[in-house]
Amino acid sequence: MATQETEKLGIKIVRNPPESKLSDLGVRSWPKWGCPPSNFPWTYSAKETCYLLKGKVKVYPDGSKEAVEIGAGDLVVFPKGMSCTWDVSEAVDKHYQFD
């Protein structure tokens, strides 16, 4: 199955990346972060790459009525300087790295 890479509202998403890509990036050794279902604003002071182990989130970039949906198995890149609101419907557990 081909890896699907999309970009929406400045957020890049790779759905179900192959394990080879994850190991090339060293994802499994990145720190982890999690949160329960919640809704909160967030601003990225640096570019963040994250890999969701579990969870379901709608991310609303400031000024947009549209959401970017991310979930378990997604490798996501948020650009530096983006302000957004996270609407977490299922508890999140993710690996992350700031550049």
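The values are calculated or read from the model by the stated rules, or taken from the named source; none is laboratory data. Because the structure is predicted, anything quoted here is derived from the model rather than measured. Ideal geometry is used to build each Cβ from the backbone, glycine not excepted, and the neighbour counts take in all protein chains shown. Note: accessible area is taken over every heavy atom of the protein model, side chains too, but ligands, DNA and RNA are not part of it. Shrake-Rupley method; radii C 1.70, N 1.55, O 1.52, S 1.80 Å.
How many percent of the accessible area of the chain is carbon or sulfur, using a 1.4 Å probe?
51 percent
Mind ranking 51-62, 20-31, 78-89, 5-16 by how tightly packed they are, going by the mean number of other C-beta atoms within 10 angstrom, highest first?
Going by the mean number of other Cβ atoms within 10 Å, highest first, we get 51-62, 78-89, 5-16, 20-31.
What is the extension gain from Val77 to Leu9, computed as 0.36 nm multiplied by their sequence separation minus the C-alpha to C-alpha distance, in nm to one decimal? Working shown, then result.
Details: separation 68, 0.36 × 68 = 24.48 nm, distance 1.14 nm.
Result for the pair: 23.3 nm of gain on full extension.
Grab the other residues whose beta carbon is less than 13 angstrom from that of Ala67, score K and R as +1, D and E as -1, and report the net.
That works out to 0.
7 Å from Cα along Cα→Cβ at both Ser45 and Glu19: what's the point-to-point distance in nm?
My value for the distance between the label points is 3.7 nm.
Write down, largest first, the equivalent ellipsoid semi-axes of the range 17-99 in whole Å, where each equals the square root of 5 times an eigenvalue of the alpha-carbon gyration tensor.
Square roots of five times the eigenvalues give 21, 15, 11 Å.
For Lys56, list the aspartates and glutamates whose Cα falls under 13 Å from its own Cα; do not include residues on the same chain fewer than 8 positions away.
Here the aspartates and glutamates satisfying the reach criterion relative to Lys56 are Glu69, Asp74, Asp87, Glu90, Asp93.
When we measure straight from the Cα of Lys47, which aspartates and glutamates land under 13 angstrom away, once same-chain ones fewer than 8 places off are left out?
Asp99
Taking θ as phi - 60°, what are the ³J(HN,Hα) couplings along the range 13-21 by the Karplus curve (6.51, -1.76, 1.60), each to the nearest whole Hz, with x for Gly and Pro?
10, 10, 7, 6, x, x, 4, 4, 5
Which loop GluC sites (Glu not before Pro) in the range 38-99, with loop taken from DSSP, have no more than 16 other Cβ atoms within 10 angstrom of their Cβ?
Hits after loop and neighbour filter: Glu66.
Can you give me the accessible area per residue for the chain, using a 1.4 Å probe, in Å²?
57 Å²
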